[in-house]
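**Student:** Handing you a structure now.
The values are calculated or read from the model by the stated rules, or taken from the named source; none is laboratory data. Just so you know, these numbers come straight off a predicted model, no measurement behind them. When we count neighbours, we look across all protein chains shown, and the Cβ atoms used for this are built from the backbone with ideal geometry, even at glycine. The accessibility values were calculated without ligands, DNA or RNA, using every heavy atom of the protein model including side chains. Shrake-Rupley method; radii C 1.70, N 1.55, O 1.52, S 1.80 Å.
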Amino acid sequence: MKRNNKQSVYLDNNATTMAAPEVFDAMAPFLRGRYGNPSSMHGFGGSVAKDVAGARMSVAELVGAVNDFEIVFTGTGTESDNLAILGTLEYYKDRRHIITSRVEHPAVLSLCKKLEKDGYRVTYVPVDGAGSLDLEFLKGSIDDNTAIVSIMYANNETGVIFPVEEIGALVKQRGITFHVDAVQAAGKIPIDVNKIRCDLLTVSGHKFHAPKGIGALYVRRGTRIRPILIGGHQEKGRRPGTENVPGIIGIGKAAELALEHLGEYAARVKRLRDRLEQGILGKFSNARLNGDKEKRVPNTSNIGFEFIEGEAILLYLDEQGIAASSGSACSSGSLEPSHVLRAMGVPFTSAHGSTRFSLSRYTTEEEIDYVLSVIPGVVGRLLEISPYWDNAKKEPVPINL
Ligand code: PLP
(Lines give C-alpha, C1' and ligand atoms only; values in the text may rest on other atoms or scores of the structure.)
Protein backbone atom coordinates (compact mmCIF):
# COMPACT_ATOMS: atom_id res chain seq x y z
CA MET A 1 0.00 0.00 0.00
CA LYS A 2 1.40 3.38 -1.07
CA ARG A 3 1.46 5.78 1.85
CA ASN A 4 1.84 9.49 2.06
CA ASN A 5 4.46 9.66 4.77
CA LYS A 6 4.44 13.44 4.99
CA GLN A 7 1.48 13.30 7.35
CA SER A 8 0.76 10.89 10.14
CA VAL A 9 -2.44 11.45 12.07
CA TYR A 10 -3.45 8.97 14.75
CA LEU A 11 -7.19 9.01 15.42
CA ASP A 12 -7.49 5.50 16.86
CA ASN A 13 -6.99 6.29 20.54
CA ASN A 14 -9.87 4.06 21.67
CA ALA A 15 -7.81 1.12 20.37
CA THR A 16 -4.67 2.24 22.16
CA THR A 17 -2.76 5.40 22.98
CA MET A 18 0.87 6.41 22.84
CA ALA A 19 2.69 6.25 26.19
CA ALA A 20 3.14 9.81 27.47
CA PRO A 21 6.82 10.93 27.53
CA GLU A 22 6.50 11.61 31.30
CA VAL A 23 5.24 8.04 31.75
CA PHE A 24 8.21 6.65 29.87
CA ASP A 25 10.62 8.75 31.98
CA ALA A 26 8.98 7.61 35.23
CA MET A 27 9.26 3.95 34.20
CA ALA A 28 12.86 4.00 32.95
CA PRO A 29 14.63 3.63 36.36
CA PHE A 30 12.52 0.52 37.07
CA LEU A 31 13.77 -1.09 33.87
CA ARG A 32 17.39 -0.35 34.81
CA GLY A 33 18.79 -0.22 38.35
CA ARG A 34 15.57 -0.38 40.36
CA TYR A 35 14.67 -3.94 39.55
CA GLY A 36 13.91 -5.13 43.09
CA ASN A 37 10.87 -7.29 43.84
CA PRO A 38 8.39 -5.21 45.89
CA SER A 39 7.66 -8.28 48.07
CA SER A 40 11.34 -8.66 49.13
CA MET A 41 12.43 -7.73 52.66
CA HIS A 42 15.66 -5.98 51.63
CA GLY A 43 16.23 -2.41 50.57
CA PHE A 44 16.10 -3.17 46.82
CA GLY A 45 12.56 -4.40 47.22
CA GLY A 46 11.41 -2.05 49.97
CA SER A 47 12.19 1.14 48.05
CA VAL A 48 10.37 -0.21 44.99
CA ALA A 49 7.37 -1.17 47.16
CA LYS A 50 7.05 2.48 48.22
CA ASP A 51 6.81 3.62 44.59
CA VAL A 52 4.30 0.86 43.83
CA ALA A 53 2.20 2.15 46.76
CA GLY A 54 2.40 5.68 45.35
CA ALA A 55 1.22 4.47 41.94
CA ARG A 56 -1.64 2.57 43.60
CA MET A 57 -2.78 5.77 45.27
CA SER A 58 -2.64 7.68 41.97
CA VAL A 59 -4.89 5.10 40.29
CA ALA A 60 -7.22 5.20 43.33
CA GLU A 61 -7.48 8.99 42.91
CA LEU A 62 -8.24 8.67 39.20
CA VAL A 63 -11.38 6.67 40.03
CA GLY A 64 -12.31 8.64 43.15
CA ALA A 65 -11.39 5.89 45.65
CA VAL A 66 -10.14 6.84 49.10
CA ASN A 67 -8.10 3.72 49.93
CA ASP A 68 -5.08 2.63 47.91
CA PHE A 69 -5.66 -1.02 48.92
CA GLU A 70 -8.90 -0.94 46.93
CA ILE A 71 -6.80 -1.01 43.73
CA VAL A 72 -5.66 -4.41 42.41
CA PHE A 73 -3.14 -4.30 39.55
CA THR A 74 -3.74 -6.77 36.72
CA GLY A 75 -2.30 -7.45 33.28
CA THR A 76 -5.02 -5.83 31.13
CA GLY A 77 -8.53 -4.44 31.12
CA THR A 78 -9.65 -7.87 29.90
CA GLU A 79 -8.14 -9.53 32.96
CA SER A 80 -9.78 -7.00 35.29
CA ASP A 81 -13.18 -7.64 33.66
CA ASN A 82 -12.64 -11.40 33.99
CA LEU A 83 -11.52 -11.10 37.61
CA ALA A 84 -14.55 -8.96 38.45
CA ILE A 85 -17.09 -11.37 36.96
CA LEU A 86 -15.48 -14.77 37.56
CA GLY A 87 -14.19 -13.71 40.99
CA THR A 88 -17.71 -12.72 42.05
CA LEU A 89 -19.29 -15.91 40.67
CA GLU A 90 -16.64 -17.96 42.44
CA TYR A 91 -17.74 -16.42 45.75
CA TYR A 92 -21.52 -16.52 45.21
CA LYS A 93 -21.58 -20.10 43.98
CA ASP A 94 -25.33 -20.51 44.44
CA ARG A 95 -26.23 -17.48 42.32
CA ARG A 96 -26.33 -18.35 38.61
CA HIS A 97 -27.60 -15.19 36.92
CA ILE A 98 -25.58 -12.35 35.34
CA ILE A 99 -26.86 -9.09 33.90
CA THR A 100 -24.89 -7.20 31.27
CA SER A 101 -25.63 -5.20 28.12
CA ARG A 102 -25.73 -6.19 24.46
CA VAL A 103 -22.99 -3.71 23.59
CA GLU A 104 -20.19 -4.65 26.00
CA HIS A 105 -16.61 -5.22 24.92
CA PRO A 106 -15.76 -8.88 24.16
CA ALA A 107 -13.81 -8.95 27.46
CA VAL A 108 -17.26 -9.11 29.11
CA LEU A 109 -19.53 -10.31 26.29
CA SER A 110 -17.50 -13.33 25.19
CA LEU A 111 -16.97 -14.31 28.82
CA CYS A 112 -20.75 -14.17 29.38
CA LYS A 113 -21.38 -16.30 26.27
CA LYS A 114 -18.94 -18.87 27.66
CA LEU A 115 -20.63 -18.76 31.06
CA GLU A 116 -23.99 -19.41 29.37
CA LYS A 117 -22.50 -22.60 27.93
CA ASP A 118 -21.40 -23.48 31.48
CA GLY A 119 -25.02 -23.27 32.65
CA TYR A 120 -25.30 -19.66 33.84
CA ARG A 121 -28.28 -17.53 32.85
CA VAL A 122 -27.28 -14.22 31.26
CA THR A 123 -29.56 -11.25 30.59
CA TYR A 124 -28.30 -8.92 27.84
CA VAL A 125 -29.92 -5.50 28.33
CA PRO A 126 -30.83 -3.90 24.97
CA VAL A 127 -30.03 -0.37 23.78
CA ASP A 128 -32.06 2.03 21.64
CA GLY A 129 -31.13 3.58 18.29
CA ALA A 130 -28.91 6.17 20.03
CA GLY A 131 -27.07 3.43 21.92
CA SER A 132 -28.71 4.29 25.27
CA LEU A 133 -29.45 1.51 27.72
CA ASP A 134 -33.01 0.35 28.55
CA LEU A 135 -32.96 0.96 32.32
CA GLU A 136 -36.48 -0.37 32.91
CA PHE A 137 -35.47 -3.64 31.27
CA LEU A 138 -32.39 -3.80 33.48
CA LYS A 139 -34.43 -3.11 36.61
CA GLY A 140 -36.96 -5.80 35.69
CA SER A 141 -34.20 -8.34 35.09
CA ILE A 142 -32.76 -8.31 38.62
CA ASP A 143 -33.87 -11.30 40.68
CA ASP A 144 -32.80 -13.23 43.78
CA ASN A 145 -30.49 -15.40 41.72
CA THR A 146 -28.52 -12.45 40.26
CA ALA A 147 -24.85 -12.58 41.28
CA ILE A 148 -23.50 -9.56 39.39
CA VAL A 149 -24.52 -6.70 37.13
CA SER A 150 -21.68 -5.73 34.77
CA ILE A 151 -22.22 -2.61 32.65
CA MET A 152 -19.73 -0.48 30.78
CA TYR A 153 -19.29 3.21 31.57
CA ALA A 154 -18.62 4.32 27.99
CA ASN A 155 -18.88 2.32 24.80
CA ASN A 156 -15.64 1.75 22.92
CA GLU A 157 -17.21 2.05 19.47
CA THR A 158 -19.65 4.96 19.84
CA GLY A 159 -18.38 6.63 23.02
CA VAL A 160 -21.95 6.61 24.42
CA ILE A 161 -21.97 7.01 28.21
CA PHE A 162 -24.28 4.87 30.31
CA PRO A 163 -26.01 6.31 33.42
CA VAL A 164 -23.90 4.25 35.82
CA GLU A 165 -24.98 6.28 38.88
CA GLU A 166 -28.65 5.47 38.23
CA ILE A 167 -27.76 1.84 37.59
CA GLY A 168 -25.68 1.76 40.79
CA ALA A 169 -28.65 3.02 42.79
CA LEU A 170 -30.91 0.32 41.29
CA VAL A 171 -28.45 -2.50 41.78
CA LYS A 172 -27.30 -1.60 45.29
CA GLN A 173 -30.93 -1.30 46.44
CA ARG A 174 -31.03 -5.06 45.83
CA GLY A 175 -27.64 -5.67 47.50
CA ILE A 176 -26.08 -7.12 44.32
CA THR A 177 -22.45 -6.75 43.22
CA PHE A 178 -22.07 -4.03 40.60
CA HIS A 179 -19.12 -4.00 38.19
CA VAL A 180 -18.39 -1.12 35.82
CA ASP A 181 -16.07 -1.53 32.84
CA ALA A 182 -14.62 2.00 32.76
CA VAL A 183 -11.85 1.26 30.25
CA GLN A 184 -13.13 3.88 27.78
CA ALA A 185 -14.08 6.42 30.45
CA ALA A 186 -10.85 6.62 32.44
CA GLY A 187 -8.88 9.73 31.58
CA LYS A 188 -11.72 11.12 29.42
CA ILE A 189 -14.40 11.99 31.98
CA PRO A 190 -14.33 12.21 35.80
CA ILE A 191 -14.94 8.89 37.58
CA ASP A 192 -16.22 8.68 41.14
CA VAL A 193 -16.72 5.14 42.44
CA ASN A 194 -18.59 6.48 45.47
CA LYS A 195 -21.14 8.37 43.39
CA ILE A 196 -21.54 5.33 41.12
CA ARG A 197 -21.75 3.08 44.19
CA CYS A 198 -20.04 0.29 42.25
CA ASP A 199 -18.19 -2.51 44.02
CA LEU A 200 -15.80 -3.18 41.15
CA LEU A 201 -14.48 -0.96 38.35
CA THR A 202 -12.06 -1.80 35.54
CA VAL A 203 -9.46 0.48 33.94
CA SER A 204 -6.70 -0.26 31.42
CA GLY A 205 -3.45 1.72 31.26
CA HIS A 206 -2.88 1.70 27.51
CA LYS A 207 -6.12 3.61 26.91
CA PHE A 208 -4.83 6.65 28.82
CA HIS A 209 -1.18 6.94 27.83
CA ALA A 210 0.38 4.23 30.01
CA PRO A 211 2.02 1.25 28.25
CA LYS A 212 0.19 -1.90 27.20
CA GLY A 213 -0.03 -4.82 29.61
CA ILE A 214 -1.11 -3.08 32.79
CA GLY A 215 -4.66 -2.83 34.07
CA ALA A 216 -6.35 -2.29 37.40
CA LEU A 217 -9.51 -3.36 39.17
CA TYR A 218 -11.03 -1.18 41.87
CA VAL A 219 -12.41 -3.49 44.57
CA ARG A 220 -14.49 -1.66 47.19
CA ARG A 221 -13.49 -2.52 50.74
CA GLY A 222 -15.58 -5.51 51.91
CA THR A 223 -16.52 -6.72 48.39
CA ARG A 224 -16.77 -10.51 48.23
CA ILE A 225 -14.49 -11.73 45.45
CA ARG A 226 -12.16 -14.70 44.94
CA PRO A 227 -8.92 -14.66 42.89
CA ILE A 228 -9.02 -16.34 39.48
CA LEU A 229 -5.28 -17.08 39.38
CA ILE A 230 -3.74 -19.37 41.96
CA GLY A 231 -0.34 -18.50 43.38
CA GLY A 232 1.33 -16.19 45.90
CA HIS A 233 0.03 -13.43 48.13
CA GLN A 234 0.62 -10.44 45.89
CA GLU A 235 -2.08 -7.78 45.63
CA LYS A 236 -3.40 -8.96 49.00
CA GLY A 237 -4.10 -12.39 47.57
CA ARG A 238 -6.49 -11.02 44.95
CA ARG A 239 -4.08 -11.30 41.99
CA PRO A 240 -1.07 -13.51 42.52
CA GLY A 241 2.09 -13.12 40.41
CA THR A 242 5.12 -10.84 40.80
CA GLU A 243 4.00 -7.31 40.02
CA ASN A 244 4.78 -5.66 36.68
CA VAL A 245 6.60 -2.85 38.47
CA PRO A 246 7.51 -0.67 35.44
CA GLY A 247 3.92 -1.01 34.18
CA ILE A 248 2.53 -0.09 37.60
CA ILE A 249 4.77 2.97 37.82
CA GLY A 250 3.63 3.84 34.29
CA ILE A 251 -0.10 3.55 35.01
CA GLY A 252 0.39 5.58 38.21
CA LYS A 253 2.06 8.44 36.32
CA ALA A 254 -0.50 8.19 33.51
CA ALA A 255 -3.32 8.40 36.09
CA GLU A 256 -1.85 11.60 37.58
CA LEU A 257 -1.52 13.16 34.13
CA ALA A 258 -5.01 12.02 33.13
CA LEU A 259 -6.53 13.74 36.17
CA GLU A 260 -4.61 16.94 35.35
CA HIS A 261 -5.85 16.90 31.75
CA LEU A 262 -9.54 16.09 32.32
CA GLY A 263 -10.46 19.74 31.80
CA GLU A 264 -8.63 19.74 28.48
CA TYR A 265 -10.66 16.72 27.35
CA ALA A 266 -13.94 18.43 28.21
CA ALA A 267 -12.93 21.59 26.32
CA ARG A 268 -10.19 21.34 23.67
CA VAL A 269 -10.46 17.66 22.70
CA LYS A 270 -14.27 17.91 22.55
CA ARG A 271 -14.04 21.07 20.40
CA LEU A 272 -11.71 19.33 17.95
CA ARG A 273 -13.92 16.22 17.85
CA ASP A 274 -17.01 18.34 17.20
CA ARG A 275 -15.24 20.29 14.45
CA LEU A 276 -14.23 17.07 12.74
CA GLU A 277 -17.73 15.65 13.09
CA GLN A 278 -19.56 18.74 11.89
CA GLY A 279 -17.12 19.11 9.03
CA ILE A 280 -18.02 15.61 7.86
CA LEU A 281 -21.75 15.53 8.64
CA GLY A 282 -22.28 18.96 7.09
CA LYS A 283 -20.65 17.90 3.82
CA PHE A 284 -22.03 14.47 3.04
CA SER A 285 -25.71 13.62 2.74
CA ASN A 286 -24.79 9.94 3.11
CA ALA A 287 -23.12 10.46 6.54
CA ARG A 288 -24.84 10.04 9.91
CA LEU A 289 -23.69 9.98 13.49
CA ASN A 290 -23.88 6.63 15.30
CA GLY A 291 -24.72 7.12 18.97
CA ASP A 292 -26.15 9.82 21.18
CA LYS A 293 -24.77 13.27 20.26
CA GLU A 294 -24.64 14.59 23.84
CA LYS A 295 -24.12 11.61 26.19
CA ARG A 296 -20.70 10.73 24.79
CA VAL A 297 -17.07 10.78 25.90
CA PRO A 298 -15.47 13.90 24.37
CA ASN A 299 -12.96 12.14 22.12
CA THR A 300 -15.08 9.71 20.09
CA SER A 301 -17.04 10.09 16.88
CA ASN A 302 -18.54 7.14 15.06
CA ILE A 303 -19.83 8.09 11.63
CA GLY A 304 -21.73 5.83 9.26
CA PHE A 305 -21.16 6.54 5.57
CA GLU A 306 -24.03 4.98 3.69
CA PHE A 307 -23.39 2.93 0.54
CA ILE A 308 -19.62 2.59 1.02
CA GLU A 309 -17.45 0.08 2.90
CA GLY A 310 -15.81 1.06 6.21
CA GLU A 311 -12.77 -1.07 5.42
CA ALA A 312 -12.26 0.75 2.11
CA ILE A 313 -12.49 4.12 3.91
CA LEU A 314 -9.84 2.94 6.38
CA LEU A 315 -7.49 1.79 3.62
CA TYR A 316 -7.85 5.05 1.68
CA LEU A 317 -7.32 7.08 4.87
CA ASP A 318 -4.30 4.95 5.77
CA GLU A 319 -2.85 5.75 2.33
CA GLN A 320 -2.98 9.39 3.38
CA GLY A 321 -1.35 8.65 6.75
CA ILE A 322 -4.58 8.79 8.77
CA ALA A 323 -5.32 6.01 11.30
CA ALA A 324 -8.97 5.42 12.24
CA SER A 325 -11.02 2.30 12.90
CA SER A 326 -14.10 0.60 11.54
CA GLY A 327 -15.23 -0.67 14.93
CA SER A 328 -13.41 -2.06 17.93
CA ALA A 329 -9.84 -3.10 17.07
CA CYS A 330 -10.66 -6.69 17.97
CA SER A 331 -13.57 -6.96 15.55
CA SER A 332 -11.99 -5.17 12.60
CA GLY A 333 -10.73 -7.80 10.24
CA SER A 334 -14.21 -9.27 10.10
CA LEU A 335 -16.61 -7.85 7.49
CA GLU A 336 -19.67 -8.33 9.73
CA PRO A 337 -21.13 -5.05 11.00
CA SER A 338 -20.19 -4.66 14.65
CA HIS A 339 -22.41 -6.14 17.39
CA VAL A 340 -22.77 -2.63 18.86
CA LEU A 341 -24.19 -1.08 15.69
CA ARG A 342 -26.42 -4.12 15.13
CA ALA A 343 -27.77 -3.83 18.69
CA MET A 344 -28.57 -0.16 17.97
CA GLY A 345 -30.44 -1.17 14.81
CA VAL A 346 -28.16 0.92 12.55
CA PRO A 347 -29.27 0.13 8.96
CA PHE A 348 -27.05 -2.39 7.18
CA THR A 349 -26.14 0.13 4.43
CA SER A 350 -24.73 2.54 7.00
CA ALA A 351 -23.31 0.08 9.56
CA HIS A 352 -21.00 -1.29 6.86
CA GLY A 353 -19.54 2.13 6.20
CA SER A 354 -19.06 3.08 9.84
CA THR A 355 -15.79 4.68 10.83
CA ARG A 356 -14.64 5.53 14.33
CA PHE A 357 -12.43 8.54 14.91
CA SER A 358 -10.99 8.72 18.43
CA LEU A 359 -8.83 11.66 19.48
CA SER A 360 -6.44 12.17 22.39
CA ARG A 361 -4.98 15.15 24.21
CA TYR A 362 -2.11 15.00 21.72
CA THR A 363 -4.42 15.59 18.72
CA THR A 364 -3.85 19.00 17.15
CA GLU A 365 -5.98 21.49 15.22
CA GLU A 366 -3.70 21.05 12.19
CA GLU A 367 -4.29 17.30 12.21
CA ILE A 368 -8.06 17.78 12.18
CA ASP A 369 -7.70 20.31 9.32
CA TYR A 370 -5.69 17.74 7.40
CA VAL A 371 -8.28 14.98 7.95
CA LEU A 372 -11.07 17.33 6.85
CA SER A 373 -9.12 18.13 3.70
CA VAL A 374 -8.62 14.44 2.84
CA ILE A 375 -12.08 13.00 3.56
CA PRO A 376 -14.05 14.54 0.64
CA GLY A 377 -11.70 12.89 -1.86
CA VAL A 378 -11.90 9.54 -0.10
CA VAL A 379 -15.70 9.49 0.21
CA GLY A 380 -16.14 10.87 -3.32
CA ARG A 381 -13.92 8.17 -4.86
CA LEU A 382 -15.69 5.40 -2.97
CA LEU A 383 -19.16 6.66 -3.88
CA GLU A 384 -18.08 6.72 -7.53
CA ILE A 385 -17.33 3.00 -7.44
CA SER A 386 -20.23 2.07 -5.15
CA PRO A 387 -22.84 -0.18 -6.81
CA TYR A 388 -25.45 1.33 -4.46
CA TRP A 389 -24.94 4.98 -5.49
CA ASP A 390 -26.06 6.67 -8.72
CA ASN A 391 -23.34 9.22 -9.47
CA ALA A 392 -25.24 10.97 -12.26
CA LYS A 393 -28.33 11.51 -10.11
CA LYS A 394 -26.34 11.84 -6.83
CA GLU A 395 -28.77 9.51 -5.08
CA PRO A 396 -28.95 5.86 -3.98
CA VAL A 397 -29.68 3.23 -6.61
CA PRO A 398 -33.19 1.84 -5.95
CA ILE A 399 -32.92 -1.70 -4.60
CA ASN A 400 -35.41 -4.22 -5.99
CA LEU A 401 -35.97 -6.95 -3.45
N1 PLP B 1 -13.33 -2.93 27.91
C2 PLP B 1 -13.46 -1.97 26.98
C3 PLP B 1 -14.67 -1.10 27.00
C4 PLP B 1 -12.47 -1.79 26.01
O5 PLP B 1 -12.62 -0.84 25.08
C6 PLP B 1 -11.34 -2.65 26.03
C7 PLP B 1 -10.30 -2.52 24.98
O8 PLP B 1 -10.54 -2.01 23.91
C9 PLP B 1 -11.24 -3.62 27.03
C10 PLP B 1 -12.25 -3.74 27.96
C11 PLP B 1 -10.06 -4.54 27.11
O12 PLP B 1 -8.93 -3.87 27.58
P13 PLP B 1 -7.46 -4.46 27.30
O14 PLP B 1 -7.14 -4.14 25.89
O15 PLP B 1 -6.56 -3.73 28.25
O16 PLP B 1 -7.52 -5.90 27.59
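**Student:** In this structure, does Gly205 turn out to be open to solvent by less than 10 Å² (accessible area, probe 1.4 Å) and touching a Pro at 6+ places or on another chain (Cβ under 7 Å)? Show your work before the answer.
**Tutor:** Values: open to solvent by less than 10 Å² (accessible area, probe 1.4 Å): yes; touching a Pro at 6+ places or on another chain (Cβ under 7 Å): yes.
Criteria met by Gly205.
**Student:** Another question, then. Taking region 212-250 on its own, how many of its residues are open to solvent by 40 Å² or more (accessible area, probe 1.4 Å) and assigned to a strand (DSSP E or B)?
**Tutor:** Of the residues in that region, 0 qualify.
**Student:** Tell me, which helices (runs of 4 or more DSSP H) lie completely within region 116-211 with 2 or more residues that are farther than 22 Å from Glu260 by Cβ and within 16 Å of the ligand (Cβ to nearest atom)?
**Tutor:** Numbers: elements: 135-141, 164-173, 193-196.
Correct list: 164-173.
**Student:** Sort out which residues of region 88-109 are more than 11 Å from the ligand (Cβ to nearest atom), more than 17 Å from Leu200 (Cα to Cα) and open to solvent by 20 Å² or more (accessible area, probe 1.4 Å), and write them in order of number.
**Tutor:** Residues satisfying the conditions are Lys93, Asp94, Arg95, Arg96, Arg102.
**Student:** Given the conditions (1) of a type outside the set (Asp, Glu); (2) surrounded by fewer than 23 Cβ atoms within 10 Å (Cβ to Cβ); (3) closer than 24 Å to Lys113 by Cα, which single one is not true for Ala19?
**Tutor:** (3) is the only condition that Ala19 fails.
**Student:** Which ones in region 96-147 are of a type outside the set (S, T, N, Q), over 20 Å from Gly175 (Cα atoms) and without any contact (Cβ under 8 Å) to a residue 24 or more places away in the chain?
**Tutor:** Lys113, Lys114, Glu116, Lys117, Asp118, Gly119, Asp134
**Student:** Another question, if that's okay. When you look at Lys113, is it assigned by TED's automatic domain parsing to the domain that holds Ile176, open to solvent by 50 Å² or more (accessible area, probe 1.4 Å) and in a loop (DSSP other than H, G, I, E, B), yes or no?
**Tutor:** On the way: assigned by TED's automatic domain parsing to the domain that holds Ile176: yes; open to solvent by 50 Å² or more (accessible area, probe 1.4 Å): yes; in a loop (DSSP other than H, G, I, E, B): no.
Judged against the criteria, Lys113 is not a match.
**Student:** To continue, here is another question. Out of the residues in region 357-373 meeting the condition of being touching a residue at least 40 places away in the same chain (Cβ under 8 Å) and out of contact with any helix residue (DSSP H, G or I) (no Cβ under 9 Å at 6 or more places or on another chain), tell me which one is farthest from Ala19 (Cα to Cα).
**Tutor:** Tyr370
**Student:** Another question, if that's okay. For the structure I just gave you, tell me whether Gly64 is free of Cβ contacts under 8 Å to residues at least 24 places away in the same chain and in the same structural domain as Ile248 (by TED's automatic domain parsing). Working first, answer last.
**Tutor:** Numbers: free of Cβ contacts under 8 Å to residues at least 24 places away in the same chain: no; in the same structural domain as Ile248 (by TED's automatic domain parsing): yes.
Against the criterion (free of Cβ contacts under 8 Å to residues at least 24 places away in the same chain and in the same structural domain as Ile248 (by TED's automatic domain parsing)), Gly64 does not qualify.
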